[in-house]
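Read the structure below first, then the notes.
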Amino acid sequence: MTQKSLLRVLAGEAVWPPPIWMMRQAGRYLPEYRALRAKAGDFLSLCLNPELAAEITLQPLRRFGMDGAILFSDLPIVSWALGQGLRYAEGEGPVLPPIRSQADLDKLSVAKVADAVSPIWETVRRVRAEAGPATLIGFSGGPFTVACYMVEGHGSREFGEARGMAYRDPDLFSRLIDLIIEGNLVYLRGQADAGAEALMLFDSWAGMLPPSEFDRWVTAPTARIAAALRETHPHVPLIGFPRLAGMKIGSYARATGVQGVTMDTSMDPALAATLVPAHVALQGNMDPLSVVAGGAAMQGQLEPLLAAMRGRPFIFNLGHGLVPQTPPEHVGALVQSIRNH
């Protein structure tokens, strides 16, 4: 059995104290990231620069000794790799020419993906060579979330165009989802081949869907990806993050066959522990703003979470990403507090 604690948990073992990594742990709250970002040009170029992206991925390992290193990249990379335009507007996030018709879909091709993402695979190789005892986690956006960006053309609170397409023209939306699944498989298999030891699917907008649509556009596509990855990379575990899944977290875990499920901040960990099969690792779900507050507020969120998760496979994480105003010393104090349990 592997000695890396995070992989032991994803194999179904209850490890205590739990392994630790945090979403968006490589990013804007770290002064060393901001210094590097200022030199890098636009954000997409930064993601595609193996030297800089590897350095960013490794920064929190050097500072905090995390048990996991999450690849520095972004959710819409697969859409760009398929051939859709992508740029990052200051203060707006990703901006893409929206997909609204079969003609738009016909401009995309899975054949483009491997060449496009090859620099990211090089980043994975570089990080794996330097990550030491930390588990390297590769990732991509979940098919529904990527489709939301592709159809809407930008971030949104409602993604009305994307969700509307799923109702008005489910055949077109299904063809888009199929294309994203194929692109994701090329991208994720390449990450595993380059040295990623675990993989993660971020379905950040899953919680906007009613139950039947959640099953169709989140659970079923994730199950297809998980099954295909098991055929080619059976020893690389997959973590799913169906954000705001609520009570659907249990059926998602059972139907997809993932080895780990991430809880968002709104999820009651004790409830999740009753819904998700005992052999499936839970990951999450501390409020990132409690880490900003630090001190007693942070400890007040930490202790009940650890109490609810003790005795089952669990990876400590946040319910979403670290925010830019997070004091790095609070992250260090949180890591130390968990280690002391």
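Numbers below:
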item: Choice from ALA35, ALA194, ALA11 with maximal GNM fluctuation in the chain (Cα, 10 Å cutoff); result: ALA35
item: Antiparallel bridge percentage (DSSP; both residues within the chain; nearest 5); result: 15
item: Highest-MSF residue in the chain out of ARG243, ARG216, ARG125 [GNM, Cα springs under 10 Å]; result: ARG216
item: Fewest-first sequence of ARG157, ARG128 by Cβ atoms within 10 Å of each Cβ; result: ARG157, ARG128
item: Inter-probe distance in nm under a simple model that places probes 7 Å from Cα toward Cβ, at GLU213 and SER266; result: 1.4
item: Gap separating the Cα centres of the stretch 94-117 and the stretch 205-270, nearest whole Å; result: 25
item: For the stretch 30-39, Karplus couplings with θ = phi - 60° (6.51, -1.76, 1.60), whole Hz, Gly/Pro x; result: 8, x, 5, 5, 4, 5, 6, 4, 5, 8
item: ALA69 long-range amide H proximity, modeled H, under 5 Å; result: THR135, LEU136, ILE137
item: ASP106-TRP16 pseudo-label distance in nm [points 7 Å out on the Cα-to-Cβ vector]; result: 6.1
item: Estimated distance in nm for a label pair at TYR167 and ALA89, the labels positioned 7 Å out from Cα along Cα-to-Cβ; result: 2.6
item: Unit Cα scatterers, Debye sum, the chain: log10 I(q)/I(0) for q = 0.12 Å⁻¹; result: -0.81
item: Over the chain: helical MRE at 222 nm, DSSP H runs n ≥ 4 each giving -39500 (n - 2.57), nearest 500; result: -14500 deg cm²/dmol
item: Nonlocal amide H pairs with GLY284, under 5 Å, H built at 1.01 Å; result: MET263, ILE315, ASN317
item: Relative contact order for the chain, counting Cα pairs under 8 Å that sit 6 or more residues apart, in percent; result: 21
item: GNM result for the chain, Cα springs below 10 Å: residue of THR326, THR232, THR219 fluctuating most strongly; result: THR232
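Every read-out reported here was derived from the displayed coordinates using simple, explicitly stated rules and does not represent laboratory data. Please read these numbers as outputs of a predicted model, since none were measured by experiment. Positions of Cβ are backbone-derived with ideal geometry, glycine not excepted, and every protein chain shown enters the neighbour counts.
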